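The values are calculated or read from the model by the stated rules, or taken from the named source; none is laboratory data. This structure is a prediction, so every number in the text was calculated from the model and none was measured. Note that each Cβ is placed from the backbone with ideal geometry, even for glycine, and that neighbours are counted across all protein chains shown.
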Amino acid sequence: MAAKFCSKCNEKFDDGVLFCKYCGLPTTRSEDEIPQVENKKSRKVVLSIAIAALGIVIIALFMIIEI
């Protein structure tokens, strides 16, 4: 790994480090290295659909049992 230097305190750090261990400044990273954060809204939509599907299955099971 190639060493890089912090733009604030000029201390050396290795590739893949997120923050300088001396001053705490975030290191610069390329777009493909930055982990993507899932949109909270899409997570809520998926959870809502899953709960609705589970409700339908439970209702169907009660209908089958009573017949």
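At a glance:
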| item | result |
| --- | --- |
| Candidate set: the range 1-15, residues that are surrounded by 10 or more Cβ atoms within 10 Å (Cβ to Cβ) and part of a loop (DSSP other than H, G, I, E, B); chosen: the one modelled with the lowest pLDDT | Asp15 |
| Tally, over the range 19-43, of residues that are touching a Lys or Arg at 6+ places or on another chain (Cβ under 8 Å) and at pLDDT 85 or above | 3 |
